[in-house]
Every structure is written in C-alpha cells, then in structure tokens.
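Colleague: Supplied in structure tokens, the structure appears directly below.
The values are calculated or read from the model by the stated rules, or taken from the named source; none is laboratory data. Since we're looking at a predicted model, the values are computed, not measured. When we count neighbours, we look across all protein chains shown, and the Cβ atoms used for this are built from the backbone with ideal geometry, even at glycine. Side chains included, ligands, DNA and RNA excluded: accessible areas come from the protein's heavy atoms. Shrake-Rupley method; radii C 1.70, N 1.55, O 1.52, S 1.80 Å.
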Amino acid sequence: MPLAFKLFLLTWLWPVALLNGSNFPDSKKQTEVPLNNHRKQGSRPEFRMKKSDSTKSTLIKSEQLLRIEEHDFAMRPGFGSSAIPVGIDVQVESIDSISEVNMDFTMTLYLRHYWKDERLSFPSTSNKSRTFDGRLVKKIWVPDVFFVHSKRSFIHDTTMENIMLRVYPDGNILYSVRITVTALCSMDFSRFPLDKQNCSLELESYAYNEKDLMLYWKNGNDSLGTEEILLSQFFIEQFNPFNGLAFYSSTGWYNRLYINFILRRHIFFFMLQTYFPTMLMVMLSWVSFWIDRRAVPARVSLGITTVLTMTTIITGVSASMPQVSYVKAVDIYLWTSFLFVFLSVIEYAAVNYLTTIEEMKKLKSKKIPVTYDTTQAMAFDGCFHDNDIDLTAFSSIPMNPEGRPPPRRNTAVNLPSEGHRLRRTRSLKRSVEYIINNSHIIDSYSRILFPFAYVLFNIIYWSLYS
C-alpha cells in the first residue's frame, strides 16, 4: 500500500516538475512556486502566484504612443489650410569672432522653434510632456529654418547631437538646437578705426513661403536672450530682434526674422599700435631741424629712418584690412603723417642745395680767398664751411678822423626828422631772395611751422571722426 501511494504521488507531481523546469529566469509569465519545500510525507503541496516586477513591464514605444506610422510627416501640419505659425526665440551664447578681412562674424546660439502638430498628440492623465533626442526628429515634420547669408554652420555633436524635442499631450512641440553659424556682415570702414558696425543674423524658411508657414518671434522683443558678452575689439551697443518679408521672383514672399546688433570698436588698441607710433615718428623727424645743416649724414639718415618706419606702419595696417576701394579714416591719418615726414626730408634737401648755391655765389664774387680749398671743404658734407673762411683778408671800411664812416655821395635824400621810425618794406621777390641767400632761416621757420601744422591737423581730424 505505501508503495502504491508513492507511485501515485510521483505520477501526479511529474508534470508539475516539468512545468517549473521549463520557465527561464527572464520569462515574464507568472510562475507558481511551492510555499514550503519541506513538507511532510503524504501532505499535499501548496502553491501561490508570484507577482510580476513593475520595473520590467513592457513600455509602449514612442512611435506607437505618437502614432508616427499612421501619418505622413512629409507634409506640414494642416496641409491645405492656412499657414502654420512657427514661433522662434534665440539665446545667444557667444560671439566667437568678427573678421574685418572676411567681413563676417561667428556666433553660437540656441535656436528654439514652437509649433503645434495635432498628429503627435497623445493621451496623458498627468498632462506631462515627453522629451526626446535627435533620433525622433528625423521621423517627424520640423520647420526648415535656415540662416540667410551664412557661409558655414554646424550643429554641435559632443557628446551627442545637441538637439532636444519636447512633445506635449495637446500636440504643442518645442524643438531646440545648439548651432554655431558664420554669417556675412557688410561693414563700412570709411571711419575705421573710429567706426560702428551694424550686423544682423537673418532666419527664414527655405521651402515654405508665407502662405504655408508664418515665422514670428515667440515673445516679441523678449524673444532674444543675450548673456554678458565681452569682445576684445568691440563693445555691443544694441541687440534687438525684428521681422520683415523677403521677396523672390520665382517663389514669392517669405517671412524673415532678423537678429540685429550694433558694434562699436574700442580705439585704445589702435592708439597703442598705430596712432602713438605714428605721432612719435613725425615728431622724431622734426629733430633734424635742430641739427646743423652741414651735418649731412646725421640729417639724411634720420629722415630716411622715419620714412621707412612710416612705410612699415602703413603696410602693417593695410595687411589687416580688406581691400576696399575707398579711403579709410586711418589712411587719412597715416598718409598725412607720412607727408609730414617726407616733407622734413625735402626741407633738408632744399636747405642743403640752397647752402651750396649761396657759397658758390660767394666763391664767384671772390668773397672767398682763392687759396680756399673748396674740394677739401665739400668732401665731407657737400657744402662749404663759412667758419673756415678767413675774413681778415678783406679790406675794411675807411673811417674819418672822428671815427665815423664817411657820408654817402647822394645827399639829395631828405632824412626823416627824429621821432619817426624807418620802415623797410620788402617785396615777395626780395623775401624769397633773402631766404635763398640765408638758407639757415628755412630751418628756423620749419621748427615752428611743422609742429603748428601737425597740431592743427590733429585737432581737425579728431573733431571730425571721434
């Protein structure tokens, strides 16, 4: 009898053992486990249901929740009806560079789009949105906004693509992307470096005109956010958004959004690098007016050095600027200063030439002794030396016994009475002849005229451009 009972029990438990052995650990089916493995012989085993793990329950796929497979997202929302409104707001992160040579600027920003697509609405009891990355963006419709006049741009992809898509239960969508864009900025350098530049970044839909898509600033003037942006050469005076329309003859009118900003250049850098060295070179050229006119090597070397230095400054400034067809403010200052330096060299050339002519006339009129070695006197500096002339060889004026010179033969001229001053008037021709015969006076006049003219030029220049 006990043997028969054991066989009956083994036959009854065998299918249950096979059923428990066929379940894997990752199976999601509910399993039956014995309550107590240590049971008495002849007792009936008890079983209970194991609760499933809620963290391992099957979630609904995003494509199924948003019913992506049920719609054609190649078409815009509300196709065939009025234009879909797409709101835009921008957060400017930084202005990376501004290039005068290429006439462009590089900006990093967060571009956010807002629109409603009822095809992506989903049921939700908590009314919470769902956030996705760039993988879902490729499966739905998004606005085709691009940057007008952009030279190059890219979406940041470290460590993943900087794209965020947020879908709300009612179908409202927020699409945000982080972009760096290099765009054209038409600059006017007529007042450089005392200039202001007006640049703008323009956004527009590429395929949809105003009948299909309406771009607008989401929060009006508050749609453009800027952090504290510091630039090395510019100060940002203004940052404001506005909108407009753009017309293309083949496709019609398009909504266009503008991010406009005004840049004012810092002048201190150019004062140190350009203006101050130029002023010093001009003043250095005036030193030659105080050097003896017979010191030819000193004055010539000083003039050539200042001319070459001014040429180097002008070349350096031109290399860092675009090749424009109009005159810039810095060109006016540099070339005027170069003219002052060049005229100081020409002034000495005139002084040296007139000195030579003056002494040659003295030689021809025999005011210089015949024994005077002119070749030796001109060997060093190219002109005669007045102090080398022995003036004792000339006859003196005869004197009467009273120690006064004899009166002139022409006594018909009535001399003025006492109390009247004699005024000697010179014609222009006589004044020029006087200067030619006394060339050292040119240096005396230059010491006053050159600084006075340069100071006057600076007053006019800075009053016009500052």
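Colleague: To the nearest 0.05, what FRET efficiency results for residue 108 and residue 242 with a Förster distance of 25 Å applied to their C-beta separation?
Modeller: Working: r = 22 Å, r/R0 = 0.87.
E between residue 108 and residue 242, to the nearest 0.05, is 0.70.
Colleague: What size of dipole, in debye to the nearest 20, comes out for region 180-339 about its Cα centre when the only charges are +1 on Lys and Arg C-beta atoms and -1 on Asp and Glu C-beta atoms?
Modeller: Details: 11 positive and 12 negative charges, 169 e Å.
The calculated dipole for region 180-339 is roughly 820 debye.
Colleague: For residue 332 and residue 222, FRET efficiency with R0 = 41 Å and r from the beta-carbon atoms, rounded to 0.05?
Modeller: 0.45
Colleague: Related question: Can you tell me how much longer the chain between residue 365 and residue 431 gets when fully stretched, taken as 0.36 nm per residue apart minus their C-alpha distance, in nm with one decimal?
Modeller: Here the segment from residue 365 to residue 431 would lengthen by 21.6 nm.
Colleague: Evaluate the relative contact order of region 224-334 (contact order divided by residue number), counting alpha-carbon pairs under 8 angstrom at least 6 apart; express in whole percent.
Modeller: Value for region 224-334: 19 percent.
Colleague: Any of 218/328; 138/196; 138/211 with alpha carbons more than 32 Å apart? Name them for me.
Modeller: Correct reply: 218/328; 138/196.
Colleague: Below 9 angstrom from the Cβ of residue 255, what's the summed charge of the other residues (Lys, Arg +1; Asp, Glu -1)?
Modeller: Local charge sum for residue 255: -1.
Colleague: Here is a further query. Per residue, how large is the accessible surface of region 61-144? Use a 1.4 angstrom probe and give square angstrom. Provide the component values of the computation, followed by the final result.
Modeller: Working: 4310 Å² over 84 residues.
Computed with neighbouring chains in place, this is 51 Å² per residue.
Colleague: What would the Debye formula give as log10 I(q)/I(0) at q = 0.20, 0.24 Å⁻¹ for the alpha-carbon point model of region 177-256, no solvent?
Modeller: -1.12, -1.31
Colleague: Label 7 Å along Cα→Cβ of residue 101; region 298-339 residues with amide nitrogen under 11 Å?
Modeller: From region 298-339, the list is 319-323.
Colleague: Looking only at region 437-452, which residues have a backbone nitrogen under 16 Å from a spot 7 Å from the Cα of residue 279 in the C-beta direction?
Modeller: Only 451-452 pass the distance filter.
Colleague: Moving to a separate point now. Normalised radius of gyration for region 61-188, please: alpha carbon Rg relative to 2.2 N^0.38 Å, two decimal places. Could the numbers behind the result be given before it?
Modeller: Numbers: Rg = 17.4 Å, N = 128, 2.2 N^0.38 = 13.9 Å.
For region 61-188, the normalised Cα radius of gyration is 1.25.
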